[in-house]
Amino acid sequence: MFSTKMSKAMLSAVLGTVLLVTGCGGGSGTGTADSGSTATAPATGKKVINIGLKADPPSMDPSISTSLYDRQVYASLYDKLFDIDAEGKIVPMLAESYEVTPDGKTYTMKLKQGVKFHDGTEFDAEAVKFNFDRNISGEKSRRKGELKFVESVTVVDKNTVKIQLKEPFAPFLSVLTDRAGIMVSPKAVQEHGDQYLNHPVGTGPFTFVEQVKGDHVTLKKNENYWNGEVKVDEVNYKVFTNGTAKVQNLRSGTLDIIDDTPVKEIPVVKGDTNLQLISESGMGYQGFYVNNSRPPFDNKYLRQAVDRAIDREAVVKVLFNGYAAPARTAFAKGSLAYNEQLNTPVPPNAAEIKDLLAKGGKPNGFDFKLYITTSPENEQLGAVLQSMLKQYNINATLEKLEYGQLIETGEKGEFDALQLGWSGRQDPDQNLHDFVVTGTSNNDGRISIPKLDELVVAARGEMDEAKRKALYEEATKLLQEEAGYVYLYHQYVLIGMNKKVTGFTYVPDGLIRTATLDKQ
């Protein structure tokens, strides 16, 4: 048995920090990628907020995006029909109000008036219909699964839109608080086509200036923002794959906010009187895909052996020092579908793992390749997993890819195992359906279990919360038995910020909202 005590002693020798690779997945512009050792100083005379991101945002087009880092930029560039407030409640944003019929199938939305896109065109019901149509039928759209229950979108009048669902869909409004609810300019899409991602136009508090791939994304103040005066002139997102360098730039004042603070740097941030740390439990999970469609992981017993060989408590204790929670499910605390018993880690059992390897036809162990990103933190997680699996003659060879390449590799299914997690959403459907149901957009592991499909799809249409929870519990048990995806831990949101930044409100989705920020 691989004990926590033994894990900590061994793992301490191979690591020093912590990891977070979050998918939610290219990009635009030109330039050379760097490690993010130094951020560019802001031009004098401007009030600039510089934000350090852990990875490069792959795409400025929300219709094809699957990355958390895109979403961080979207929080400044775009508005959505609905949003989440500080209490985690769904609130209207570009929608003024809405009504739902008793059968849960027809939503009538009144829209905010006087809102304009950055290109000067008007936001109205026609624009809403355009965005729904694009997300539902666009050839490259990654929103199809989220909106598959939409039967029709009808323009009632200039400021009213009616959305008819094929059947009741409990997560519908929650879906519209994310990329499926982002409104982009129809004119910009029509003008630029596939190159829209290089010319993004929304209604948000900041407008697009440029993206230099691997280095930065720059936005400038929307002088005519509909939802109040924007107080800073520019927001600059700087890519830092090196977490220590990111913290150093925060301490020097070159960065004002960082999206993720490495655990080993938390004492540094907390000990600096000029800085503050926002530490909140997140809604997502981290783990890795195992490719269910090809050897070795088309073999259920070998998937189970890998899943059972990982000591999740040791991972969290050694890597995170309490700033994460062990995970065996897609649902973190606070989720409707959270079940403490199902999420509680089970220590590895050597006899069980040996038996699983024998049942899988590999009594002497086996080899596989695990793709990870290039950050030092991810390399250390890879080393941890390698060490744990090696105890049972399961040999994981690590291969590093840039974040965008990792996402593309997952989409193509060209891997044995691939470390990519999910930043999390409010409704449990958004943390599960598109990752485990046969043929869905984020099911990089090629999971295909008919009974699981049946349960997860049924939960989408169940409006009774107790019955929904029961369906998710049954689905979770089945997914654990099949070991379709290896859940590791629920991450914390660890935002570092200079105290000169004011107007920040933490929202449970972990996105840095810049509309109300100011800088002393």
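The values are calculated or read from the model by the stated rules, or taken from the named source; none is laboratory data. If you're wondering where the values come from, they're calculated on a predicted model, not measured in any experiment. Reconstructed Cβ throughout: ideal geometry from the backbone, glycine too, with neighbour counts over all protein chains shown.
Tabulated data
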item: Failed condition for ASN222, given (1) over 19 Å from the mean Cα position of the chain (by Cα); (2) modelled with pLDDT under 95; (3) not small (Gly, Ala, Ser); result: (2)
item: Long-range neighbours under 6 Å by Cβ, at least six apart or interchain, first residue assigned to a loop (DSSP other than H, G, I, E, B) within the range 356-367, second of a type in the set (A, V, I, L, M) and at pLDDT 95 or above; result: GLY360/LEU302; PRO363/LEU357; GLY365/ILE394
item: Among residues of the range 405-430, those that are touching a helix residue (DSSP H, G or I) at 6+ places or on another chain (Cβ under 7 Å), among the small types (Gly, Ala, Ser) and assigned to a helix (DSSP H, G or I), counted; result: 0
item: Subset of the range 53-67 [of a type outside the set (Ser, Thr, Tyr), in a loop (DSSP other than H, G, I, E, B) and either in contact with a strand residue (DSSP E or B) (Cβ under 9 Å, 6 or more places away or on another chain) or farther than 13 Å from GLN211 by Cα (or both)]; result: LYS54, ALA55, ASP56, PRO57, PRO58, MET60, PRO62, ILE64
item: Filtered residues of the range 379-407 (kept if among the polar types (S, T, N, Q) and either at pLDDT 95 or above or under 19 Å from THR66 (Cα atoms) (or both)); result: GLN386, SER387, GLN391, ASN393, ASN395, THR397, GLN405
item: Scan of the range 465-484 for residues that are surrounded by 24 or more Cβ atoms within 10 Å (Cβ to Cβ) and outside any helix (DSSP H, G or I), ordered by number; result: GLY484
item: Residues of the range 223-265 satisfying the condition of being among the polar types (S, T, N, Q) and either in contact with a helix residue (DSSP H, G or I) (Cβ under 9 Å, 6 or more places away or on another chain) or under 21 Å from LEU277 (Cβ atoms) (or both); result: THR241, ASN242, THR244, GLN248, ASN249, SER252, THR254, THR261
item: Residue identified as at pLDDT 95 or above and in contact with a Lys or Arg (Cβ under 8 Å, 6 or more places away or on another chain) among GLY181, GLY204; result: GLY181
item: THR154 surrounded by 15 or more Cβ atoms within 10 Å (Cβ to Cβ), more than 28 Å from the chain's Cα centre (by Cα) and β-branched (Val, Ile, Thr); result: no
item: Matching entry among GLN426, GLN430 (being within 26 Å of PRO102 (Cβ to Cβ), in the same structural domain as ALA332 (by TED's automatic domain parsing) and in contact with a Gly (Cβ under 7 Å, 6 or more places away or on another chain)); result: GLN426
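For (1) under 21 Å from LEU511 (Cα atoms); (2) buried (at least 18 other Cβ atoms within 10 Å of the Cβ); (3) among the β-branched types (Val, Ile, Thr), each residue gets a yes or a no:
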| site | (1), (2), (3) |
| --- | --- |
| VAL175 | yes, yes, yes |
| ASP178 | yes, yes, no |
| MET183 | yes, yes, no |
| LYS187 | no, no, no |
| ASP194 | no, no, no |
| THR207 | yes, yes, yes |
| VAL217 | yes, yes, yes |
| ASN222 | yes, yes, no |
